[in-house]
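J.: I'd like to ask you about the structure that follows.
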Amino acid sequence: MTDLHRLSIRELSEGLAGAKFSSRELTEHYLKRIAKLDTQVKSYVTVTAEQALAQADAADAAIKAGTATALTGVPIAHKDIFCTQGIKTTAGSKMLDNFISPYDATVVAKGRAAGLVTLGKVNMDEFAMGSTSENSFYGATANPWNLGHVPGGSSGGSAAAVAADLAPFATGTDTGGSIRQPASFCGLTGLKPSYGRVSRFGMIAYASSLDQGGPMAHSAEDCAYLMNVMAGHDAKDSTSIEKDVDDYVANLNGTAVKGLRIGIPKQYFNVAGLDADVKARVEESLKKLEEMGATLVEIDLNMTEAYVPTYYLIAPAEASSNLSRYDGVRYGYRAENPVDLMDLYKRSRSEGFGAEVQRRILIGTYALSAGYYDAYYVKAQKVRRLIQQDFLKAFESVDVIAAPAAPTTAYKIGANLSPVEMYLGDIYTIAVNLAGLPAINAPVGFDKDNLPVGLQLIGNYWSESQLLSVVHQYQQATDWHTKRAAIAEENA
């Protein structure tokens, strides 16, 4: 079959179970597409062809033996921030270019136990710091909708691989929008779960109180299948929440759009820099949801102006602490011929980290330093609580909150945005991470240059099922999630 890459996760699962095709055939199909098309997209850092085919054969045996799960034999791509045993795990950095992980991240281990077939590891902004996937030691990944544009970041490799149909779905991580923004830029559905819903064990840390793993796929239904594998308590992760996990697939029709109260923050639609096409597509999607029976309720989120400064104090401070372990001594990049220990530290870090990572380490170290800790870091944590309370007050009168996922569509590669311009592009996403809330992006159309636009829906804590259900029903009434970039239509 030449069009296996056009099948949904449900169709792949049913096809494998019904012996319409084997996991080996499916895996070979995707490996051929990667070999043919990824020289243009550059989404993969490492392709694990030999291991993938071995996993596919094991999956076929499990299907024949009747011991398969719903996802046994389905291929997946993992963001290169998840540790994978025996496979290079780089976090997009020269610092970890030689690192072979001795263990699997919990997300990877759960996928392996479910019978998923790992095609490889995909590109990302270095240590998840960035919004374009240009901050990678391995070079920029291209947006499949227009190869001259970025796919977003930091999970840009995950988004590009799925958008080009080089993987049926992928794992991503979201520290300040790094699932939702690339999903928006690449016309995908991407879910950032509540903080603590998905284990962070084996997920290389950027900002520990903000990082959260989640699924990226074409549809809410596809994301629900992967969430069924990813979600759940993990004793290895002290921030993992011990709370029952929903069956996200079974609950896809569990929330009625009719009667749903959707909050429209007036501050979000008056942000300077909000592109007219993005605003128009988002408003059209909200009108569609209104036609389906939802009620639009104007709300105030009065802390909006505090989002960016608060995030860009807390996240770099945590990054400064987390990245202090990369010292050239224990593992990772090591400077050649150091004259003494201080020279080893300085040169290993200067040579091993890219410019954006060094910038955030410097900002964070400054904010944590003795003279400024109370003035900056402690104050930012207090404002963070006010941001959380602002959302909780809004949820007293609405069920979900709507916003663009990003103020613009995908930037051009090499646009050379200043750091401040790039940080301001996170205005709609970072507050969700500061508050620990779940949020989802859904594709809702295109701008004048045929670049995708996304709608973001933000939910209250533990409402992943509700978000997936609302988007699923929207996608039953529209076809934006079925659109494919031209490169994805090519057969291998």
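The values are calculated or read from the model by the stated rules, or taken from the named source; none is laboratory data. Computed from a predicted model, the values in this text were never measured in an experiment. As a convention, Cβ positions derive from the backbone with ideal geometry for all residues, glycine included, and neighbour counts pool all protein chains shown. We work out accessible area using only protein heavy atoms, side chains counted, and drop any ligands, DNA or RNA first. Shrake-Rupley method; radii C 1.70, N 1.55, O 1.52, S 1.80 Å.
J.: Just one of (1) open to solvent by less than 40 Å² (accessible area, probe 1.4 Å); (2) free of Cβ contacts under 8 Å to residues at least 24 places away in the same chain trips up Val107, so point out which.
T.: Status for Val107: all satisfied but (2).
J.: Filter the stretch 380-394 for residues that are surrounded by 15 or more Cβ atoms within 10 Å (Cβ to Cβ) and of a type in the set (Lys, Arg) and give the result.
T.: Hit for the stretch 380-394 is Arg384, nothing else.
J.: For residues that are open to solvent by 30 Å² or more (accessible area, probe 1.4 Å) and part of a loop (DSSP other than H, G, I, E, B), tally how many sit in the stretch 275-293.
T.: Matching residues across the stretch 275-293 total 2.
J.: For the stretch 43-83, name all the residues that are in contact (Cβ under 8 Å) with a residue 12 or more places away in the chain and of a type in the set (Val, Ile, Thr).
T.: Hits for the stretch 43-83 are Val45, Thr46, Val47, Thr48, Ile63, Thr69, Thr72, Val74, Ile76, Ile81.
J.: Kindly indicate whether any position in the stretch 49-68 is within 26 Å of Arg484 (Cα to Cα) and assigned to a loop (DSSP other than H, G, I, E, B). So that I can check it myself, show each step before the final result.
T.: Residues of the stretch 49-68 within 26 Å of Arg484 (Cα to Cα): 49, 52.
Pick out the ones that are also assigned to a loop (DSSP other than H, G, I, E, B) and you get none.
No: the stretch 49-68 contains no residue that is within 26 Å of Arg484 (Cα to Cα) and assigned to a loop (DSSP other than H, G, I, E, B).
J.: For residues in the stretch 205-230 being touching a Gly at 6+ places or on another chain (Cβ under 9 Å) and open to solvent by 10 Å² or more (accessible area, probe 1.4 Å), which is nearest to Phe169 (Cα to Cα)?
T.: Residue satisfying both the conditions and the ranking: His218.
J.: Let me ask you something else. Of the residues Ser397, Ser418, Ser348, which is more than 27 Å from the chain's Cα centre (by Cα), under 21 Å from Phe127 (Cβ atoms) and small (Gly, Ala, Ser)?
T.: After applying the criteria, what remains is Ser348.
J.: Next up: Hey, among the residues in the stretch 294-305 that are of a type outside the set (Asp, Glu) and open to solvent by 20 Å² or more (accessible area, probe 1.4 Å), which one's nearest to Lys379 (Cα to Cα)?
T.: Residues of the stretch 294-305 of a type outside the set (Asp, Glu): 294-297, 299, 301-304.
Now restrict to residues that are open to solvent by 20 Å² or more (accessible area, probe 1.4 Å): 295-297, 302-303.
Values: Thr295: 37, Leu296: 34, Val297: 32, Asn302: 18, Met303: 14 Å.
That would be Met303.
J.: Looking at the structure I just gave you, is Val398 out of contact with any helix residue (DSSP H, G or I) (no Cβ under 8 Å at 6 or more places or on another chain), buried (at least 17 other Cβ atoms within 10 Å of the Cβ) and in a loop (DSSP other than H, G, I, E, B)? Steps first, answer last, please.
T.: On the way: out of contact with any helix residue (DSSP H, G or I) (no Cβ under 8 Å at 6 or more places or on another chain): yes; buried (at least 17 other Cβ atoms within 10 Å of the Cβ): yes; in a loop (DSSP other than H, G, I, E, B): yes.
So Val398 fits the description; yes.
J.: Where the second residue is open to solvent by 10 Å² or more (accessible area, probe 1.4 Å) and aliphatic (A, V, I, L, M) and the first is farther than 11 Å from Gly328 by Cα and lies in the stretch 347-367, which pairs have Cβ atoms under 9 Å and are six or more apart or on separate chains?
T.: Phe353/Ile361; Glu356/Met422; Ile363/Leu313; Gly364/Leu313; Ala367/Leu313; Ala367/Ala375
J.: Any residue that is in a helix (DSSP H, G or I), out of contact with any strand residue (DSSP E or B) (no Cβ under 8 Å at 6 or more places or on another chain) and open to solvent by 10 Å² or more (accessible area, probe 1.4 Å) - is there at least one of those in the stretch 126-148?
T.: Here is the first cut: in the stretch 126-148, the residues in a helix (DSSP H, G or I) are 126-128.
Cutting the leftovers down to out of contact with any strand residue (DSSP E or B) (no Cβ under 8 Å at 6 or more places or on another chain) gives us 126-127.
Still in the running and open to solvent by 10 Å² or more (accessible area, probe 1.4 Å): 126.
Yes, the stretch 126-148 has at least one match.
J.: Give me a count of the residues in the stretch 181-201 that are open to solvent by 10 Å² or more (accessible area, probe 1.4 Å) and touching an Asp or Glu at 6+ places or on another chain (Cβ under 7 Å).
T.: Number of matching residues: 2.
J.: If I filter the stretch 231-249 down to residues being closer than 30 Å to Asp165 by Cβ and assigned to a loop (DSSP other than H, G, I, E, B), which single residue comes out as most open to solvent (accessible area, probe 1.4 Å)?
T.: Selected residue: Asp247.
J.: Being open to solvent by less than 90 Å² (accessible area, probe 1.4 Å) and part of a helix (DSSP H, G or I) is the filter here, so list the residues in the stretch 7-17 that pass it.
T.: So the first thing to find is which residues in the stretch 7-17 are open to solvent by less than 90 Å² (accessible area, probe 1.4 Å), and the list is 7-13, 15-17.
Ile9, Arg10, Glu11, Leu12, Ser13, Gly15, Leu16, Ala17, listed by residue number.
J.: For Ser350, all conditions in the list (1) under 27 Å from Met303 (Cα atoms); (2) open to solvent by 40 Å² or more (accessible area, probe 1.4 Å); (3) hydroxyl-bearing (Ser, Thr, Tyr) hold save one; what is the number of the exception?
T.: Going through (1) under 27 Å from Met303 (Cα atoms); (2) open to solvent by 40 Å² or more (accessible area, probe 1.4 Å); (3) hydroxyl-bearing (Ser, Thr, Tyr) one by one, Ser350 breaks only (1).
J.: In the stretch 250-272, which residue that is under 28 Å from Asn302 (Cβ atoms) and open to solvent by 60 Å² or more (accessible area, probe 1.4 Å) is modelled with the highest pLDDT?
T.: Only one residue tops the list, namely Arg261.
J.: Restricting attention to the stretch 313-347, which residues are outside any loop (DSSP other than H, G, I, E, B), in contact with a helix residue (DSSP H, G or I) (Cβ under 8 Å, 6 or more places away or on another chain) and either modelled with pLDDT under 95 or of a type in the set (Gly, Ala, Ser) (or both)? Explain how you work it out, then say what you get.
T.: Within the stretch 313-347, the subset outside any loop (DSSP other than H, G, I, E, B) is 313-325, 341-347.
Within this subset, residues satisfying the condition of being in contact with a helix residue (DSSP H, G or I) (Cβ under 8 Å, 6 or more places away or on another chain) are 313-321, 323.
Ala315, Ala317, Ala319, Ser320, Ser321, listed by residue number.
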